[in-house]
């Protein structure tokens, strides 16, 4: 009897250790498979690549999912993404991906949140001279800035490479997308007036204990997070693709890519802001122009000149 109990204890111990080892290996081997897509600007053909990245090397940046926008149609479109975002972010957390909420202009709303305090307490990774595209616009400094010092870091020779086009705004920066300065209202009556009406993120967007909250306008906060956690890849979702995700924030794609990070857009969880029944860039009436068309024009430009796209449905095997 004693011998049987001893054997049973050994068996249980063996099973426990086996489960522990298997679990540890599973956690260590969690990998994201990124099905990356670009568009060849010369031919218009889709270019594809597959990259496997350890999940703990990846951060998801949720950009400017505000509670409201000056455009009512935009507010409604953004809110429609929240349920799927919550499901995708839950799957990402289970994989070990770092979720980073980045609500510019309203970070102070979260000043007492531990997820915000954790960011503010991050060690500084070192000083660097790195103006963002937005900072350089209409700036006297842009004329004397030596862009070549860091434009070469935009991952040449890879699918993440920025592609220069004739007449680009700044040497070292790719061409900005359509409606980069003109998008503003998607209501048919176009009665919305610009103004900072947002106060926080959409309240239905779930923030979990291990998430982080940054000020998107900061040039250093997201950089510090990535350096502290060894993050090499950044996936972007939210709005707007033609502005905040791409160039007007300190942690927009162009700015973080120029700092050496591999950035990609999550195409099925991002929207742009353009027009409805008119084209904001041409300022002409166009009954066939819709917000969806604006989204498509922006995404095509982004994939041609700025960064690849992935689909959340593929990366996280999400099914309805």
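Evaluate region 57-64: report whether one residue or more is within 16 Å of residue 162 (Cα to Cα) and modelled with pLDDT of 95 or more.
We begin by selecting, within region 57-64, every residue within 16 Å of residue 162 (Cα to Cα); these are none.
Among the residues of region 57-64, not one is within 16 Å of residue 162 (Cα to Cα) and modelled with pLDDT of 95 or more, which makes the answer no.
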Exercise. Mind checking which helices (runs of 4 or more DSSP H) fall wholly inside region 96-163 and carry at least 1 residues that are farther than 27 Å from residue 302 by Cα and modelled with pLDDT of 70 or more?
Key: 114-120
Exercise. Answer with yes or no whether residue 263 is in a strand (DSSP E or B) and either crowded, with 19+ Cβ neighbours inside 10 Å or touching a residue at least 24 places away in the same chain (Cβ under 8 Å) (or both).
Key: yes
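Can you confirm whether residue 282 is surrounded by 24 or more Cβ atoms within 10 Å (Cβ to Cβ) and either part of a loop (DSSP other than H, G, I, E, B) or within 12 Å of the chain's Cα centre (by Cα) (or both)?
On the way: surrounded by 24 or more Cβ atoms within 10 Å (Cβ to Cβ): no; either part of a loop (DSSP other than H, G, I, E, B) or within 12 Å of the chain's Cα centre (by Cα) (or both): yes.
The answer is no for residue 282.
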Exercise. Evaluate region 289-306: report whether one residue or more is surrounded by fewer than 24 Cβ atoms within 10 Å (Cβ to Cβ) and in a loop (DSSP other than H, G, I, E, B).
Key: yes
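So in region 212-230, with the set limited to residues that are part of a loop (DSSP other than H, G, I, E, B) and under 13 Å from the mean Cα position of the chain (by Cα), which one is modelled with the highest pLDDT?
We begin by selecting, within region 212-230, every residue part of a loop (DSSP other than H, G, I, E, B); these are 214-220, 230.
Now narrow it down to the ones that are under 13 Å from the mean Cα position of the chain (by Cα): 214, 216.
Numbers: 214: 96, 216: 88.
Of everything passing the filter in region 212-230, 214 is modelled with the highest pLDDT.
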Self-check item: Checklist (1) out of contact with any strand residue (DSSP E or B) (no Cβ under 8 Å at 6 or more places or on another chain); (2) more than 25 Å from residue 156 (Cα to Cα); (3) at pLDDT 90 or above applied to residue 283, failing item
Solution: (3)
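The values are calculated or read from the model by the stated rules, or taken from the named source; none is laboratory data. Since this is a predicted model, take the numbers as computed values, not measurements. Here the Cβ is made from the backbone with ideal geometry for all residues, glycine too, and neighbour counts use every protein chain on show.
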